[in-house]
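Only one structure is covered here, and it is reproduced in the block below.
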Amino acid sequence: MFESKLPNLGTSIFSQMTALANQFTAINLSQGFPEFDAPELLKKQLNHYVLEGVNQYSPSSGVPRLQQQIAQLAKRKYAAEIDAMQQVTVTSGATEALFVAIQALVRDGDEVIVFDPAYDSYQPAIELAGGKSVNIALQAPSYAIDWQLVASAINNNTRAIIINTPHNPSGKTLKQHDINALKALVAEHDLYVISDEVYEHITFDDNPHLSVLSDEVLFARSFVISSFGKTFHSTGWKMGYCIAPAALAVEFRKIHQYVTFSSFTPVQHALADMLEQQGEHVDELSEFYQQKRDVLSNALKDSRFTVLPSEGTYFLLLDYSDISNLSDIEFCHWLVEQAGVAAIPLSVFYQQPSSDKVIRLCFAKNEATLLQAAEILCQL
């Protein structure tokens, strides 16, 4: 009999809710992908390079021109001095980068601290590496990290801490006191950090993104991961990257070469052009998405939902306690089947399901879609 290496995993909730949205012709605010298209220049340049015959393997670590543009972006945004050739690795999506970083770090018996609600790829990757995820639950509505609790969870087997800022699904961002606390624990216990920063360019209300790249001491023990899919509205292209100190990048690349070897060549050239010619796109993302957040949250002011603050990402949390006593999974099924709006229950992001009555909406949609969904939700 075949024995599964991940016996407790089934179809993801994202696939389930999207399928239900399609089945019931519902407005899909569940899965986190934009309803609008990638920038015209990016599409044009992709087409250009495909037609020019730039269709063979790139170097495993990435097209050098793109590596240079990534390093320049890190310097412009975070004053980070990055060696493009030695420290930047282009990957087939941020999920690949997360998987490879975890495989590079985690050994049999190692423990990795993860903060719930957490992106669903962390724990399986840790387990496949022979490690154990130690999940620390964050509580609504603040989703703040209790660093004393983190310190008490560290033992001789603790290898790394995974952080995610801006945070999916809560929309919270780490503050300077969080970075200081993390830095102290890493130094005291000789730990490593995997910093998931895929929403780094989407923060609101003049709230800065505090990248690990900004802190030389912390970065010296970190893998920092980002996503072109989030930045350029092109999640289906599955393009991301990892920036790490040279010694860690060497270990990262050893595994990366046997996962994908290299990533989609023509789009790497197109991304380099995009960063070089329209770098302002990155700077305009926060305002672009803040407007969408505000459209949805303002439209829900007269609803019976409690709208929780979103400091970044393109997600908004709603507390439905005044509407239903159903569990969040049951409520999301009812919502899509009876009301025609698809959302994600927050409990699926926890190792030990939370009893909070909170759901997640994605507002990376056109304004008409957001207003239509809000109109339905206000009637509940």
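We did not get these values from a lab; they are worked out from the coordinates using the rules stated. Everything quoted here is computed from the prediction, not taken from an experiment. As a convention, Cβ positions derive from the backbone with ideal geometry for all residues, glycine included, and neighbour counts pool all protein chains shown.
Figures for the structure shown
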{"quantity": "DSSP bridge orientation in region 40-278 - percent antiparallel, rounded to nearest 5", "calculated": "30 percent"}
{"quantity": "Most fluctuating residue given options GLU200, GLU216, GLU127, as computed from a GNM of the chain linking Cα atoms under 10 Å", "calculated": "GLU216"}
{"quantity": "Simple Cβ-charge dipole of the chain, Lys/Arg +1 and Asp/Glu -1, about Cα centre, in debye nearest 20", "calculated": "560 debye"}
{"quantity": "Top positive-direction residue, dipole computed over the chain with Cβ charges, set SER263, ALA38, ALA373", "calculated": "SER263"}
{"quantity": "Local electrostatic count at ASN28 - Lys and Arg +1, Asp and Glu -1, tallied over other residues with Cβ under 13 Å", "calculated": "+1"}
{"quantity": "Net +/- balance of residues flanking PRO345 in space, Cβ distance below 9 Å, scoring K and R +1, D and E -1", "calculated": "-1"}
{"quantity": "Rounded Å value of the spacing that divides the Cα centres of region 219-250 and region 124-139", "calculated": "20 Å"}
{"quantity": "Simple spin-label estimate for CYS378 and SER4 in nanometres, 7 Å along Cα-Cβ", "calculated": "4.3 nm"}
{"quantity": "Net charge contributed by nearby residues that have their C-beta within less than 12 Å of ILE136 (K/R +1, D/E -1)", "calculated": "-3"}
{"quantity": "Cα-only radius of gyration and Dmax that characterise region 40-278, units Å", "calculated": "17.5, 57"}
{"quantity": "Phi-based couplings in Hz for region 249-262 (Karplus 6.51, -1.76, 1.60; Gly and Pro marked x)", "calculated": "4, 4, 5, 4, 5, 4, 7, 3, 5, 9, 9, 10, 6, 9"}
{"quantity": "For TYR192, residues with placed amide H under 5 Å, excluding near neighbours", "calculated": "ALA160, ILE161"}
{"quantity": "Ranking of PHE232, PHE2 by count of other Cβ atoms within 10 Å, fewest first", "calculated": "PHE2, PHE232"}
{"quantity": "Of the trypsin sites (Lys or Arg not before Pro) in region 1-107, those whose Cβ has at most 15 other Cβ within 10 Å and which sit in DSSP loop", "calculated": "LYS5, ARG107"}
{"quantity": "Förster radius 45 Å - calculated FRET efficiency between GLU52 and TYR350, Cβ distance, rounded to 0.05", "calculated": "0.40"}
{"quantity": "Whole-number percent relative contact order across region 1-141, with pairs defined as alpha carbons under 8 Å at least 6 apart", "calculated": "15 percent"}
{"quantity": "GNM flexibility winner over the chain from VAL150, VAL63, VAL217 (Cα, springs under 10 Å)", "calculated": "VAL217"}
{"quantity": "Long-range HN-HN contacts of ILE136 with modeled amide H, under 5 Å", "calculated": "VAL114, PHE115, ASP116"}
{"quantity": "Length-normalised contact order of the chain in % [C-alpha pairs under 8 Å, at least 6 apart]", "calculated": "25 percent"}
{"quantity": "R0 of 51 Å, Cβ-Cβ distance SER321-LYS183: FRET efficiency to nearest 0.05", "calculated": "0.90"}
{"quantity": "Student exercise, region 1-133 dipole from Lys, Arg, Asp, Glu Cβ charges, in Debye to nearest 20", "calculated": "420 debye"}
{"quantity": "Amide H partners (placed H, <5 Å) of ASN164, local residues excluded", "calculated": "ASP196"}
{"quantity": "Neighbour-count ranking [beta-carbon atoms within 10 angstrom, fewest first] of MET274, MET1, MET17", "calculated": "MET1, MET17, MET274"}
{"quantity": "Helix-only [θ]222 nm of the chain, DSSP H runs n ≥ 4, -39500 (n - 2.57) each, per residue, nearest 500", "calculated": "-12000 deg cm²/dmol"}
{"quantity": "Order by protection proxy (mean Cβ within 10 Å, highest first), peptides 8-15, 186-193", "calculated": "186-193, 8-15"}
